[in-house]
């Protein structure tokens, strides 16, 4: 069974920063949906940023949960962004064509680039 913990903080500008840590997969993807759903049900954040720097693994169910969160936020008039994806998460979002949807940069993180020989 995989583990996932999610911390949330709101900055002075009203942006909520969610930081999942661990793995997002079929066992726990509902947790990210519930976290975003709870934010939307109890308030109206200016923006939601999901910081993926500490996500070691995500599967198709986890990606589906992020897409669900994006659409739920959009339906509430809130922008949801995925930021700081690990090289692994960046690659999955790239091959699935979702980088643009989540507002992530098209270029991979620096540690992914190969030196030119």
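The values are calculated or read from the model by the stated rules, or taken from the named source; none is laboratory data. As the structure is a computational prediction, the values presented were derived from the model and not from experiment. Cβ atoms come from the backbone with ideal geometry, glycine included; neighbour counts cover every protein chain shown.
Things worth noting here:
- Among the residues making up segment 1-15, those that are farther than 17 Å from residue 80 by Cβ and without any contact (Cβ under 8 Å) to a residue 40 or more places away in the chain are 1, 3, 4, 5, 12.
- Which listed residue, of 44, 17, 30, is part of a strand (DSSP E or B) and farther than 16 Å from residue 101 by Cβ: 17
Residues are listed down the side, and each one gets a yes or a no for (1) farther than 19 Å from residue 92 by Cα; (2) within 13 Å of the chain's Cα centre (by Cα); (3) in contact (Cβ under 8 Å) with a residue 12 or more places away in the chain:
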site: 17; (1), (2), (3): yes, yes, yes
site: 39; (1), (2), (3): yes, no, yes
site: 42; (1), (2), (3): yes, no, no
site: 45; (1), (2), (3): yes, no, yes
site: 52; (1), (2), (3): no, yes, yes
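- Residue 54 being surrounded by fewer than 19 Cβ atoms within 10 Å (Cβ to Cβ) and farther than 20 Å from residue 99 by Cα: no
- Within segment 47-69, restricting attention to residues that are in a helix (DSSP H, G or I) and out of contact with any helix residue (DSSP H, G or I) (no Cβ under 6 Å at 6 or more places or on another chain), the residue that is farthest from residue 23 (Cα to Cα) is 67.
- Scan of segment 91-103 for residues that are part of a helix (DSSP H, G or I) and out of contact with any helix residue (DSSP H, G or I) (no Cβ under 7 Å at 6 or more places or on another chain), ordered by number: 91, 94, 95, 100
- For segment 32-51, a tally of residues being touching a strand residue (DSSP E or B) at 6+ places or on another chain (Cβ under 7 Å) and surrounded by fewer than 15 Cβ atoms within 10 Å (Cβ to Cβ) returns 1.
- Scanning segment 78-87 for residues that are modelled with pLDDT under 95, over 12 Å from the mean Cα position of the chain (by Cα), part of a helix (DSSP H, G or I) and surrounded by fewer than 16 Cβ atoms within 10 Å (Cβ to Cβ) turns up at least one hit.
- Scanning segment 1-18 for residues that are surrounded by 14 or more Cβ atoms within 10 Å (Cβ to Cβ) and either touching a helix residue (DSSP H, G or I) at 6+ places or on another chain (Cβ under 6 Å) or under 16 Å from residue 33 (Cβ atoms) (or both) turns up 2, 4, 6, 8, 16, 18.
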